[in-house]
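The structure appears right after this line, and notes come after that.
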Amino acid sequence: MPISLVIPRVFMLLALLALGGCLSTPLSSLPKLARLNFLTMDFAEVRAGLRQPSALALRPGDFVMTVKTKTDGSSDETVDRFVLLETTEPAELQSLATEVKSGFALSAWRVAPTDVPRLAAIQERTRASLQHGPRVRGSIEITVTGGCTRETIPAGPLAVSTYLKPARGEGFITLSANADLRGMIAAKRQQVSLPRC
C-alpha cells in the first residue's frame, strides 16, 4: 500500500504495508506530509505507528524501513535496510490514543539507536550533493514483511491503518486509514496465510 510524497524534491517517502495496493490517505494529512523534510529529520525521534486487528501481530524483524539512493548520472542504486523496533513505553503510544478502536491493537515503532548514525550519514551525503553535486535522490519505504496470528482471523475486511510521527512533540500523521489488508492480498491472487504466534 504505497503512499508517496515528495520531501524537498530529493526524497520520496513511501509507507508500504504487506503486499501493496490502494491506499486511503486522509486529505487532512497531505499538507502535513508535504512539509516533511528528510534532510532535517532526527531519526532518533521519528516513530511509525500501526493499527491492525487484534488477531494479528508482528514479530521482531517484521517491520522494516528501506532507504534507496541513486546519484544522478549513475545507474547504481544503494539500498540500506533498517529493522524497526517496537517501543512499548506508554508515552510513545499516548499520542496514538485517539486511534484506539475496539478489536484492534496499536503499536509504535522506531529506528534502532545503533542505526541512527547510518541514517545521519545518508542525510549528510544527500545535503552535500545539493551543494556540490552530483545530486543524490532516493526514497524511504516502511514495510510490514510478515506477521503472525494470535487467534483465528475473522471473516471480512482486515482494516489496517498506518501513521508517522516525524519529530518529538509532534503528533502522528495518518498515512493510511482502514486499508483492507485482505482485499489487497486477494488482489494479488494470494490468500491470507500467517503462522500462529
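The values are calculated or read from the model by the stated rules, or taken from the named source; none is laboratory data. Here the structure is a predicted model, which means the values were calculated and not measured. A quick note on method: Cβ atoms are made from the backbone with ideal geometry, for glycine too, and the neighbour counts reach across all protein chains shown. Accessible surface is based on the protein model in full, side chains and every heavy atom, while ligands, DNA and RNA are left aside. Shrake-Rupley method; radii C 1.70, N 1.55, O 1.52, S 1.80 Å.
Selection over segment 158-179 of residues that are of a type in the set (D, E, K, R) and assigned to a strand (DSSP E or B) gives a count of 1. Residues in segment 141-193 that are among the hydrophobic types (A, V, I, L, M, F, W, C), more than 19 Å from S102 (Cβ to Cβ), over 12 Å from the mean Cα position of the chain (by Cα) and at pLDDT below 85: M184, I185, A186, A187, V192.
Looking only at residues that are within 30 Å of R182 (Cβ to Cβ) and touching a Ser or Thr at 6+ places or on another chain (Cβ under 9 Å) in segment 33-51, which one is surrounded by the most Cβ atoms within 10 Å (Cβ to Cβ)? Selected residue: L50.
When segment 25-67 is filtered for residues that are of a type in the set (D, E, K, R) and touching a residue at least 24 places away in the same chain (Cβ under 8 Å), the ones remaining, listed by number, are K32, D42, E45, R47, R51, R59, D62. A155 fulfils the conditions (1) open to solvent by 40 Å² or more (accessible area, probe 1.4 Å); (2) without any contact (Cβ under 8 Å) to a residue 24 or more places away in the chain; (3) part of a helix (DSSP H, G or I) except for a single criterion, (3).
Against the definition (in contact (Cβ under 8 Å) with a residue 24 or more places away in the chain and either of a type outside the set (G, A, S) or buried (at least 18 other Cβ atoms within 10 Å of the Cβ) (or both)), how does T174 come out, yes or no? Give the derivation first.
Working: in contact (Cβ under 8 Å) with a residue 24 or more places away in the chain: yes; either of a type outside the set (G, A, S) or buried (at least 18 other Cβ atoms within 10 Å of the Cβ) (or both): yes.
So T174 fits the description; yes.
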